[in-house]
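Enquirer: Before I ask anything, here is the structure I am working with.
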Amino acid sequence: LGSIIRMAFFPAGNRLLTFVGQANPFVGNTFVVARVWDLPSGTLISQSQNFNGQLTNFDITPDGSRILVVPTGSGDNTVYILDAQAGGIVHGLNSGRIVTDAEFSPDGSTVVVGEYLNSSVRLWNTTTGAVIRTIGAITSR
């Protein structure tokens, strides 16, 4: 059960991504589930596992094959790339820091992840799940 907390059309316009959260009035959503729907038929295509906490951000690749999920409360500072057709996790990108934002590049080959407190972003390869580079890390002086 739960409530729809976020949603978006896929780039081609024939699918809908919804996020369902189990509401808790004291701490917000206690879990979030991503669901992909076929709009012409209204049938459920895929559903993800439960992610702890609230949904910070999400994105869809331009070709509609992958979904990026940025949950709070994962406990391990991980951003997840999901297979839109199957719903399973393709990669868990662990930055080692609290994630403030993330999105796919225009061609879907890279994920950029913003990190809390050090004003840096990490670029990740979506095929391998490896870090490409870190940009803008500021050390204290």
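Just so you know, all these numbers are worked out from the coordinates, no wet-lab data involved. Computed from a prediction, not measured in an experiment: that's the story for all the values here. Cβ: placed from backbone, ideal geometry, glycine included. Neighbour counts: every protein chain shown.
Enquirer: Can you tell me the dipole magnitude for the chain around its Cα centre, using point charges on the Cβ only (Lys, Arg +1; Asp, Glu -1), in Debye to the nearest 20?
Expert: Using only the charged Cβ atoms, the result is roughly 240 debye.
Enquirer: Evaluate E = 1/(1 + (r/R0)^6) for LEU16 and SER109, where r is the Cβ-Cβ distance and R0 equals 25 Å; express this FRET efficiency to the nearest 0.05.
Expert: 0.55
Enquirer: Taking 0.36 nm per intervening residue step and subtracting the Cα-Cα distance, what contour gain separates ASP63 from ASP83 on full extension?
Expert: Extending this stretch completely gives an extra 6.0 nm.
Enquirer: Follow-up question, since we're still on this one. Could you give log10 I(q)/I(0) at q = 0.10, 0.14, 0.16, 0.19 Å⁻¹ for the chain, computed by the Debye formula over C-alpha point scatterers of equal weight, without solvent?
Expert: Results for the chain at q = 0.10, 0.14, 0.16, 0.19 Å⁻¹ read -0.33, -0.64, -0.82, -1.10.
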